[in-house]
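**Q** Below is one structure. I have some questions about it.
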């Protein structure tokens with residue numbers, strides 16, 4: 001696994017280059033232009049949703065791409081790269097790091113967080129960014145092998161609505177964002 005992509009992020013700005021489905025901006029070329037503009041203005045990495053957008057961004061930028069795939073279902077509240085299949089799609093599209101929902105909520109198909117992290121790291125040979133909402137989730141994700149812990153989902157889950165970000169997490173994770 002290449003941890004040099006993680007080191008490139010340390011201390012820098014990661015720019016989310018995403019647009020909601022149905023938006024006129026949700027076009028692969030436009031998203032790739034956002035990512036290129038972010039890189040040209042000092043971003044050390046970009047976060048991009050969907051295989052098609054990741055592939056387009058990969059053609060235009062040199063900074064690490066944190067890939068996600070948002071999938072909403074009635075089966076689970078987990079929607080940021082909820083399954084190994086979704087992680088596999090974004091890995092094939094050119095993502096350098098796979099970001100996943102690492103909350104304690106039940107995952108689609110009963111998949112376990114620890115299995116998802118292990119499979120991404122072993123089978124896809126990519127680092128994992130764990131999107132968490134609580135301090136405890138961050139500790140658990142780090143124990144499961146996540147390489148990066150991000151407070152992305154704080155205030156977006158029922159138990160954290162209106163909460164401030166969790167305090168710093170000391171763990172084996174390589175980077176705290």
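The values are calculated or read from the model by the stated rules, or taken from the named source; none is laboratory data. Just so it is clear, the structure is predicted and the values come from calculations on it, not from any experiment. Cβ sites come from the backbone with ideal geometry, for glycine too, and all protein chains shown count toward neighbours.
**Q** Within the stretch 71-86, can one find any residue that is farther than 24 Å from residue 133 by Cα and crowded, with 20+ Cβ neighbours inside 10 Å?
**A** Among the residues of the stretch 71-86, not one is farther than 24 Å from residue 133 by Cα and crowded, with 20+ Cβ neighbours inside 10 Å, which makes the answer no.
**Q** Pick out the one residue from 126, 59, 139 that is under 22 Å from residue 13 (Cα atoms), surrounded by fewer than 23 Cβ atoms within 10 Å (Cβ to Cβ) and touching a strand residue (DSSP E or B) at 6+ places or on another chain (Cβ under 9 Å).
**A** 126
**Q** Next question. Would you confirm whether any residue within the stretch 79-94 is modelled with pLDDT under 95 and assigned to a loop (DSSP other than H, G, I, E, B)?
**A** Looking for residues that are modelled with pLDDT under 95 and assigned to a loop (DSSP other than H, G, I, E, B), one finds at least one in the stretch 79-94, hence yes.
**Q** I'd like to check something: does the stretch 26-47 contain any residue that is under 22 Å from residue 156 (Cα atoms) and not in a loop (DSSP other than H, G, I, E, B)?
**A** Among the residues of the stretch 26-47, at least one is under 22 Å from residue 156 (Cα atoms) and not in a loop (DSSP other than H, G, I, E, B), which makes the answer yes.
**Q** I would also like to ask the following. Here are 100, 117: which of them is in contact (Cβ under 8 Å) with a residue 12 or more places away in the chain, assigned to a helix (DSSP H, G or I) and either within 15 Å of the chain's Cα centre (by Cα) or closer than 28 Å to residue 162 by Cβ (or both)? Outline the logic, then answer.
**A** Numbers: 100 fails: assigned to a helix (DSSP H, G or I).
Checking each option against the conditions leaves just 117.
**Q** Return only the number of the condition from (1) over 11 Å from residue 14 (Cα atoms); (2) surrounded by 20 or more Cβ atoms within 10 Å (Cβ to Cβ) that residue 46 does not satisfy.
**A** Among (1) over 11 Å from residue 14 (Cα atoms); (2) surrounded by 20 or more Cβ atoms within 10 Å (Cβ to Cβ), the lone unmet condition for residue 46 is (1).
**Q** Here's another thing I want to ask about it. For the stretch 9-18, give me the residue count where each residue is within 17 Å of the chain's Cα centre (by Cα), farther than 19 Å from residue 59 by Cα and either assigned to a loop (DSSP other than H, G, I, E, B) or modelled with pLDDT under 90 (or both). Spell out the reasoning first.
**A** Initial filter on the stretch 9-18 (within 17 Å of the chain's Cα centre (by Cα)): 9-10, 12-18.
Those still in the list that are farther than 19 Å from residue 59 by Cα too: 9-10, 12-13.
Now narrow it down to the ones that are either assigned to a loop (DSSP other than H, G, I, E, B) or modelled with pLDDT under 90 (or both): 10, 12-13.
So the count comes out to 3.
**Q** Taking only the stretch 120-151 into account, find how many residues are in contact with a helix residue (DSSP H, G or I) (Cβ under 8 Å, 6 or more places away or on another chain) and not in a helix (DSSP H, G or I).
**A** 15
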